[in-house]
Amino acid sequence: MTTPADPDPIRVLLADDENLIREALAQMLDLEDDLTVVGQAATGTEAVAVALHARVDVAVLDLQMPGLDGIAVAEELTRTLPGCATVIVTSHGRPGHLKRALAAGVRGFLPKTTSAATLAQVVRTVHAGGRYVDPDLATEAIAAGDSPLTPRESDVLELAADGAPVDEIAARASLSPGTVRNYLSSAVTKLGAANRHDACAVARRMGWI
């Protein structure tokens, strides 16, 4: 009498620009019989390339990476590797980040303080078609509400975040300087900020840019 073969392990990609964290996590996940880390990446662009090459089942992505951030990687993988589920692990769990991630098709969202055992279970959950959002992050996102900014106001405010002058923002956004000033003024008013620099800080703290 033959016994059924064990199912193939879930093929996992880990993407994080902090090498020690990534490699330690890989070692811990590889201790799980049903998981195998088949690729690692230190940048968003590398994560997409490795995921496509290794045909991974689940991509565990740091939110903030050089090049493409974790949400942009998730959007790209949703388009080019639809069988791959994505999980965001972050030390910056802002409400706006969670909402952007879910809109991008991310199936798991949890803080870096999560244990390896919990992450392993989340990988299994999303691979099986489920979702997992850390309860504390979900509560914060609900309490914060939606961003009051329009997409164009968010774009202009993000371009202003590094202190660029209005003329430079206008050129990068393909807008007139007057229109840029109007968007910035509207954003400052909506966020109850003192000036555009304060508005950038508020929007970033909430994850809206």
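As I understand it, the dipole of the chain uses +1 on the Cβ of Lys and Arg and -1 on the Cβ of Asp and Glu, about the Cα centre. Which of Val73, Leu119, Ala15 lies farthest toward its positive end?
Positive-most Cα among the choices belongs to Val73.
Sorting check: for 77-88, 54-65, which peptide has the highest mean count of neighbouring beta carbons within 10 Å, and how do the rest follow? If you can, show how the numbers build up before the last one.
Values: 77-88: 19.3, 54-65: 23.1.
Ranked from most to least packed, the peptides come out as 54-65, 77-88.
Taking springs between alpha-carbon atoms closer than 10 angstrom, which of Leu137, Leu191, Leu98 fluctuates most in the Gaussian network model of the chain?
Comparing Leu137, Leu191, Leu98 in the GNM, the peak value goes to Leu191.
If you average the sequence gap of Cα pairs under 8 Å that are 6 or more apart and divide by the length of the chain, what percent do you get for the contact order? Don't jump to the answer; show the numbers that get you there.
On the way: 341 pairs, mean separation 31.4, N = 209.
It comes to 15 percent, rounded to a whole number.
How about the stretch 112-209: which trypsin sites (Lys or Arg not before Pro) there are in a DSSP loop, with at most 16 other Cβ atoms within 10 Å of their Cβ? Numbers along the way, then the final one.
Details: sites: Lys112, Arg124, Arg131, Arg152, Arg172, Arg181, Lys190, Arg196, Arg204, Arg205; in loops: Lys112, Arg131.
Qualifying residues, ordered by number: Lys112, Arg131.
Quick one: if you stick a label point 7 Å off each Cα along the C-beta vector at Ser176 and Gln121, how many nm between them?
Spacing of the two 7 Å Cα→Cβ label points: 5.8 nm.
Of [x] 1.05; [y] 0.99; [z] 1.17, which one was derived for Cα Rg over 2.2 N^0.38 Å from the structure shown?
[z]
Return Tyr132, Tyr183 ranked ascending by Cβ neighbour count within 10 Å, so the fewest neighbours appear first. Provide the component values of the computation, followed by the final result.
On the way: Tyr132 19, Tyr183 24.
Going from least to most buried by this count: Tyr132, Tyr183.
With n ≥ 4 as the cut-off for DSSP H runs, can you work out [θ] at 222 nm for the chain, using -39500 (n - 2.57) per run divided by the number of residues, rounded to the nearest 500?
Values: 10 runs with 107 residues, N = 209.
It comes out at -15500 deg cm²/dmol, rounded to the nearest 500.
Read the figures in this text as sums done on the coordinates, not as results from a lab. Note that the structure is predicted; figures quoted are calculated from it, not measured. Note: ideal-geometry Cβ built from the backbone for every residue, glycine included; neighbour counts use all protein chains shown.
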